[in-house]
1. Just to be sure before I move on: is A:S31 part of a helix (DSSP H, G or I), over 30 Å from B:A88 (Cα atoms) and among the hydroxyl-bearing types (S, T, Y) in the structure I sent?
2. Quick check on the stretch A:101-115. Is at least one of its residues touching a helix residue (DSSP H, G or I) at 6+ places or on another chain (Cβ under 9 Å) and at positive phi?
3. Which count do you get for residues in the stretch B:38-67 that are surrounded by 12 or more Cβ atoms within 10 Å (Cβ to Cβ), within 14 Å of another protein chain (Cβ to nearest Cβ) and without any contact (Cβ under 8 Å) to a residue 12 or more places away in the chain?
4. Is there a residue being among the basic types (K, R), closer than 29 Å to A:S35 by Cα, free of Cβ contacts under 8 Å to residues at least 60 places away in the same chain and open to solvent by less than 40 Å² (accessible area, probe 1.4 Å) anywhere in the stretch B:124-135?
5. Could you check how many residues of the stretch B:97-123 are touching a Pro at 6+ places or on another chain (Cβ under 8 Å) and either more than 8 Å from chain A (Cβ to nearest Cβ) or among the aromatic types (F, W, Y) (or both)?
6. Taking the condition in a helix (DSSP H, G or I), of a type outside the set (A, V, I, L, M, F, W, C) and either at pLDDT below 90 or in contact with a Gly (Cβ under 6 Å, 6 or more places away or on another chain) (or both), does A:S40 pass?
7. Which members of the stretch A:176-202 meet the condition of being closer than 20 Å to B:M12 by Cα, touching a helix residue (DSSP H, G or I) at 6+ places or on another chain (Cβ under 9 Å) and not β-branched (V, I, T)?
8. Just checking, does the stretch B:183-199 include any residue being within 10 Å of chain A (Cβ to nearest Cβ) and either within 26 Å of A:I232 (Cα to Cα) or in contact (Cβ under 8 Å) with a residue 40 or more places away in the chain (or both)?
Amino acid sequence: MKRKRTAGSRIGYTAAVVLFIVFCLGPILWSFIMSITPQSEMMGEVTTFFPENPTFGNYKKLLLDTEQQALLYRRGIGNSMKAALLSLLIGIPMAVLCAYPMSRLKFKGSVVMRNVLLFTMAIPVFATIIPLYKLYISLRLLNNLAGLVLVYITSFLPMTVWLLISYFDTLPQELEEAAYVDGGSKFYVMLKIILPVSYPIIFAASLIVFLQTWNQFQIPLILAPGHETKPIAVVASEFVTKSTVDYGLMNAGGIIALIPPAIIAIVFRKFLIQGIAGGSTKG
Amino acid sequence: MKKRKNTPPYIMLAPSVVLMCGLVFYPILVTFTYSLQQMKLTEPQNDKIVGFKNYQMILADSNFWYSFLNSIIILVGVVILTVVIGIAFAMLLNVNTKIKGVLTAAAIIPWALPPIVNGVMWRWIFHPSYGFLNRLLLRCELIEEPVQWLSNRFSVILIVALVVAWRNIPFCAIVLLSALQGIPSHIYESAAIDGSSTGQMFRKITLPLLMPSLGIVVTSTSINAINVFDEIVSLSGYGDVSKTLMMDAYLRTFNFLDYGAGSAITYIIMIFAGILGLLYIRNLYREVNYL
């Protein structure tokens, strides 16, 4: 939109940008400041905004210490990484295999399936978790990484498939027709014709799957209570709910947990935006 | 397309369909059967089918209505904050400047972070003794005593609404931004020729053309707001003050081990979520037509 730039509109715009940045990043910055404030400066009647002697001791403690809490914290990071990679490896091929026929092939029930898929997005995970919990206990899958990842995948499969469908829908029909005339199988056509032109959306979907897995809390809280599978989100929450008094450590624990998703958001913002905007259209 | 054998689609769909049936659709039905039973882990000898007794018991329980009101306030708060701030952010991001990349990155970060950590961070904005807000207000001498933001029922749930909105605003802003960019500029140009003011253009052109996208944003934000759980845990723990329907379902099931009542509450939440889901589908299929 073109507009005349007056001094007033410029000041207004700058003020809006400042407010915007403070709102988006302020809480993160404050939490970071808390995480580098020594415990001694935190107690008492403090009304300053920045510590006199900032320290990275809390980060060192969580990342390098060999005491129980730090070990469990690092284990949580490892568990989340493993879960995220496994979700990607299984979830994305499944989503592609599911989205391709729903978008490009005609078969009985495809419209119904689309609507069921969309409707499933609205169903809370909790609606499935009580029977799953009982089932997992009886199958001895509680605290099992693969079992956990399968539930993660079902929780974001509808969204991922929808994202891919709305992209596949925009590709011209002629793309595949030539390949079919040459006698290619449907699977071959998908692999050789459709996937190569869809890599941005598949990449966006993969990023979203990574973020979603990394951010899971409610599912692992119930299905992965043991240290061997407990992800970082649950470990970080225990710093708060199990009434630790070390507030600096609590904040450092949160900040470290948000570094991987924050880096992804900054580096791959274009893909993510395409993913967010793409999934919300009919295609 | 030529007629071909229809096996490939079904083979390709099979893994997803099997997984979704096994881990989503079947458990949902089982949850319903649980909700019709008396099923307490503390007294397994008394398990029996009781029909809709769990639902009757819940609807007669003042605890349920307490959580219900909290959930509704959070829902309304999240939707209003998300839409208002989301529109403002979308318009801000629609301005072409050199710092556009920085602004988009800043905008998208809250959406990408773990909700549980968002709650932890915001806790330190509102913490009575170590929080940023109280320090600021004390410094400016606007208050004399620290305000107990996180102990009062209504201030806690409004803070929860704010934090949930914080995570949903990026989605809202990006969807609306792509809708804004889809509005052909000639519409604004002819409106300008006709002598419309900026405010008029916003009300008469921008807002109506954003309506379909707003529908999507409002429904998907509402679905998120009904299901909020993580932020509540990190802002105020598993306590009773800030209890929502989802927290109520969790506590009844996993703290009091009453699977029957927990399942029944879950189904009550699902009815709300289901209505929102249907609205979501309707909004998604609505086309935008430009002149």
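The values are calculated or read from the model by the stated rules, or taken from the named source; none is laboratory data. What you see is a predicted model, and the numbers here were worked out from it, not measured in a lab. When we count neighbours, we look across all protein chains shown, and the Cβ atoms used for this are built from the backbone with ideal geometry, even at glycine. Ligands, DNA and RNA are stripped out before the accessible areas are found, and what is left, the full protein with its side chains, is counted by its heavy atoms. Shrake-Rupley method; radii C 1.70, N 1.55, O 1.52, S 1.80 Å.
1. Details: part of a helix (DSSP H, G or I): yes; over 30 Å from B:A88 (Cα atoms): no; among the hydroxyl-bearing types (S, T, Y): yes.
Taking the combined requirement at face value, the residue does not satisfy it.
2. no
3. Total meeting the criteria: 1.
4. yes
5. 2
6. Numbers: in a helix (DSSP H, G or I): yes; of a type outside the set (A, V, I, L, M, F, W, C): yes; either at pLDDT below 90 or in contact with a Gly (Cβ under 6 Å, 6 or more places away or on another chain) (or both): yes.
Criteria met by A:S40.
7. The initial filter retains those residues of the stretch A:176-202 that are closer than 20 Å to B:M12 by Cα, namely A:176-177, A:179-180, A:183-199, A:201-202.
If we keep only those that are touching a helix residue (DSSP H, G or I) at 6+ places or on another chain (Cβ under 9 Å) as well, we get A:176, A:179-180, A:184-190, A:192-195, A:197-198, A:201-202.
Passing the criteria: A:E176, A:A179, A:Y180, A:G184, A:S185, A:K186, A:F187, A:Y188, A:M190, A:K192, A:L195, A:S198.
8. If we filter the stretch B:183-199 for residues that are within 10 Å of chain A (Cβ to nearest Cβ), which is where we start, we get B:183, B:185, B:188-189, B:192, B:198.
From what's left, either within 26 Å of A:I232 (Cα to Cα) or in contact (Cβ under 8 Å) with a residue 40 or more places away in the chain (or both): B:183.
The answer is yes; a qualifying residue exists.
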